[in-house]
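Asker: One structure, as structure tokens, below. Some questions next.
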Amino acid sequence: MGALDGIKVLDFGQFVAGPLTGMLLADQGADVVKIDPPEGPCWDTPANSTWNRGKRSIVLDLKDLSDVERAQALIASADVLLENFRPGVMDRLGLGAEAAASANPRLVYCSIPGFASDDPRAAIPAWEGIVAAATTNFRGPLFGAGNGLPIYTAIPIASSFAAFESAVSIAMALGVRERDGVGQRIEVPMFDAMFAAFSRQRIHNADPPPPALGSTWSGQFECKDGRWVMFGSANSNFREFVEAAGIASWDEEGLIDWERLARDPGLAAEQRRRTVELFKTRTAQQWEDDIAIAGSECAVCRASAEWLDHTHARESKMVIEVQDPKFGKMLQPGVNPRLSGTPGEVRGPAPALDQHRDEVLSEANGGSQPAPVENIDDTLRSALDGVRVLDLCIILAGPTCGRTLAEFGADVIKIDDPNRGPTIASHNTVNRGKRSILLDLKKEEGRDVFWRLLEDADVVVQNNRKGRIEALGLGYDEVRKRKSDIVYASLNAYGHIGPWAERPGHEQFAQATTGMQARFEGDGQPQLQPHPINDFSTGLLGAYGVALALLHRKRTGEGQHVDGALAYTAMTLQSAIVQDYDGKTWDEPRG
């Protein structure tokens, strides 16, 4: 069962953004009809076996009037139309948003152009590389690397973010339709969507911030076996790492005193030199295992091919096996996000071209023409008007989920720990549009206030690793005892099932373990991707899950749990690349 069961989607998309959006809808239960030209998909890639899984296929030649008429008949009985042509192309074909809405007032019409319809560059055929160039994504110096040369990443960031924002917007629009009976037009330009990938605040003409305490301890380190790990010191278990690494004696020299290191560049340089040598005393796998036992953060910088066969990747179902008719047994990214009550599923492999022509066309005449909504201006209000969200999140991914819900009209109450200090990184970006309260949820009086706030809440969002929020008595099971219809979203590093569910982690560790850092390295040290793309896109996909759960609640009155993770999203972001099958050659550009 999926939250989008009964929703019919016409997917005219090509390349990455459109088909990926269609996949996100199909995985959650939508009946997605993929409409291709007679020559087949514009990009012949094994990734189509991922993006088109669970869909039906029909071929229409939109240069042929009879096929245009067939498309118009399909539109009349569809719920969602998805296309990523340049602005104006569908209008010239007679399939634009205005004509479609006239035929079907309840239709949700989503366009994903390269540049917006009101952008002077709207006519440019702007696919991934053009948009990446236009948004400075190739600008090495901006992000501290590249020696002035453009930087390439094989991950289609602009296309992926456009797909994520489109999926969120479609789910929100379907919720509005359920409430008000009206469809609407959505436009998600890839150029605009790209800015969500690097939306960390930048204050113009401000002095650069001082180095973070403990920053000399964090980064990529080469190990005894020549492999690399990503290590991070930014959690409460750093002392346990010191003991596990056998370096407690460094205390006497001030090498573990973060504040002293921040004041003394010479001492910091010596600490860094010794740490580099320290990591060469054990293999990468030994460090990952030992640091995990200590409760701190470390991940081997793996290649994607390794991660696809990793125990946690498989047991957590962020990697799944699909029997593809063209490639045979194929490993693919799993369903993202996960919902407990409407879990969704991959309902089948990608179809053969035009496989479902007769049955799809036979349905085109079965839809009745919905009556137009009168006094539509009376229904215009935000998608989440009246929805209240309790946002318990920190850093980027979780707060981005709350911010996205606020942008769609929710009343989001940001609950922060008074012990975290007066500011947090990126506060002005990820917490805009929210209200704020400080509560110490480790104390009974803080939890008492939380329970009072819950009485009027519809959604709770938190991003602790598994077990932490439950230890406070605020996990999903406890919350739904008091509020049975609550939508409760949990976002973390590695997901909530599988052997790594309780491990701490941040953006860089999801990048390391899933192959993103190795893919960006070239032939040397693994490197972080240009932006914290797992964080921001996990926030977007968390909001997608919440929108789906709220849609289901409108229909049934039932709440449920939404599960999202940085590592799930790392696989979705790499969906153009991370298929594995017999005969696969890992030869995409890298470095």
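The values are calculated or read from the model by the stated rules, or taken from the named source; none is laboratory data. This one's a predicted model, so the numbers in the text were calculated from it and none came from an experiment. Here the Cβ positions follow ideal geometry from the backbone for every residue, glycine too, while neighbour counts run over all protein chains shown. Side chains included, ligands, DNA and RNA excluded: accessible areas come from the protein's heavy atoms. Shrake-Rupley method; radii C 1.70, N 1.55, O 1.52, S 1.80 Å.
Asker: Just checking, how many residues over the stretch 259-294 are over 27 Å from Gly226 (Cβ atoms), open to solvent by 30 Å² or more (accessible area, probe 1.4 Å) and within 37 Å of the chain's Cα centre (by Cα)?
Answerer: Final tally of qualifying residues: 2.
Asker: Taking the options Gly539, Gly564, Gly495, name whichever one is under 22 Å from Cys393 (Cβ atoms), of a type outside the set (D, E, K, R), assigned to a helix (DSSP H, G or I) and open to solvent by less than 20 Å² (accessible area, probe 1.4 Å).
Answerer: Within the list Gly539, Gly564, Gly495, the selection yields Gly539.
Asker: Here's a follow-up. How many residues does the stretch 65-87 hold that are aliphatic (A, V, I, L, M) and assigned to a helix (DSSP H, G or I)?
Answerer: Looking only at that region, the number is 7.
Asker: Output the residues belonging to the stretch 498-536 that are part of a loop (DSSP other than H, G, I, E, B) and of a type in the set (Asp, Glu). Step through it out loud before you land on a result.
Answerer: From the stretch 498-536, those part of a loop (DSSP other than H, G, I, E, B) are 498-506, 515, 522-532; that's our starting set.
Those that are part of a loop (DSSP other than H, G, I, E, B) and of a type in the set (Asp, Glu): Glu502, Asp523.
Asker: May I ask you to list pairs of residues, at least six apart or on different chains, whose Cβ atoms are under 9 Å apart, with the first in the stretch 50-75 being open to solvent by 20 Å² or more (accessible area, probe 1.4 Å) and the second being part of a loop (DSSP other than H, G, I, E, B) and among the polar types (S, T, N, Q)?
Answerer: Sorted first by the residue in the stretch 50-75, then by its partner, the pairs are Arg56/Gln355; Ala73/Asn365.
Asker: In this structure, does Ile151 turn out to be modelled with pLDDT under 95, open to solvent by 10 Å² or more (accessible area, probe 1.4 Å), under 24 Å from Leu573 (Cα atoms) and aliphatic (A, V, I, L, M)?
Answerer: Yes: the conditions hold for Ile151.
Asker: Separate question: List every residue pair whose Cβ atoms sit under 7 Å apart, with the two residues 6 or more apart in sequence or on different chains, where the first one lies in the stretch 432-452 and is touching a residue at least 12 places away in the same chain (Cβ under 8 Å) and within 23 Å of Arg480 (Cβ to Cβ) and the second, anywhere, is assigned to a helix (DSSP H, G or I) and open to solvent by less than 70 Å² (accessible area, probe 1.4 Å).
Answerer: Leu439/Gly446; Leu439/Val449; Leu439/Phe450; Leu441/Arg447; Leu441/Phe450
Asker: Right, another one. So which residues in the stretch 301-319 are surrounded by fewer than 19 Cβ atoms within 10 Å (Cβ to Cβ) and closer than 19 Å to Trp586 by Cβ?
Answerer: Matches in the stretch 301-319: Ala303, Ala305, Glu306, Asp309, Arg314.
Asker: Identify all residues within the stretch 88-120 that are open to solvent by 20 Å² or more (accessible area, probe 1.4 Å), in contact (Cβ under 8 Å) with a residue 60 or more places away in the chain and in a loop (DSSP other than H, G, I, E, B); write none if there are none.
Answerer: Pro105, Arg106, Ser117, Asp119 - these are the residues of the stretch 88-120 that are open to solvent by 20 Å² or more (accessible area, probe 1.4 Å), in contact (Cβ under 8 Å) with a residue 60 or more places away in the chain and in a loop (DSSP other than H, G, I, E, B).
Asker: Let me ask something else about it. When both residues are 6+ apart or on different chains and their Cβ atoms are under 9 Å apart, which pairs have a first residue that lies in the stretch 170-183 and is in contact (Cβ under 8 Å) with a residue 24 or more places away in the chain and closer than 15 Å to Cys110 by Cβ, and a second that is part of a helix (DSSP H, G or I) and among the basic types (Lys, Arg)?
Answerer: Cβ pairs passing all conditions: Gly175/Lys554; Gly183/Arg177.
Asker: For the stretch 320-342, which positions are open to solvent by less than 80 Å² (accessible area, probe 1.4 Å) and either polar (S, T, N, Q) or part of a loop (DSSP other than H, G, I, E, B) (or both)?
Answerer: Phe327, Gln332, Gly334, Val335, Asn336, Pro337, Ser340, Gly341, Thr342
Asker: Further, regarding this structure: Kindly provide the set of residues from the stretch 234-258 that are more than 35 Å from the chain's Cα centre (by Cα) and part of a helix (DSSP H, G or I), ordered by number.
Answerer: Glu243, Ala248, Ser249, Trp250, Asp251, Glu252, Glu253
Asker: To continue, here is another question. If I go through the stretch 498-536 residue by residue, how many of them are surrounded by fewer than 24 Cβ atoms within 10 Å (Cβ to Cβ) and under 20 Å from Thr404 (Cβ atoms)?
Answerer: Of the residues in the stretch 498-536, 2 are surrounded by fewer than 24 Cβ atoms within 10 Å (Cβ to Cβ) and under 20 Å from Thr404 (Cβ atoms).
Asker: May I ask you to say which residue of Trp258, Trp217 is modelled with pLDDT under 95 and touching a strand residue (DSSP E or B) at 6+ places or on another chain (Cβ under 8 Å)?
Answerer: Details: Trp258 fails: touching a strand residue (DSSP E or B) at 6+ places or on another chain (Cβ under 8 Å).
Only one candidate qualifies: Trp217.
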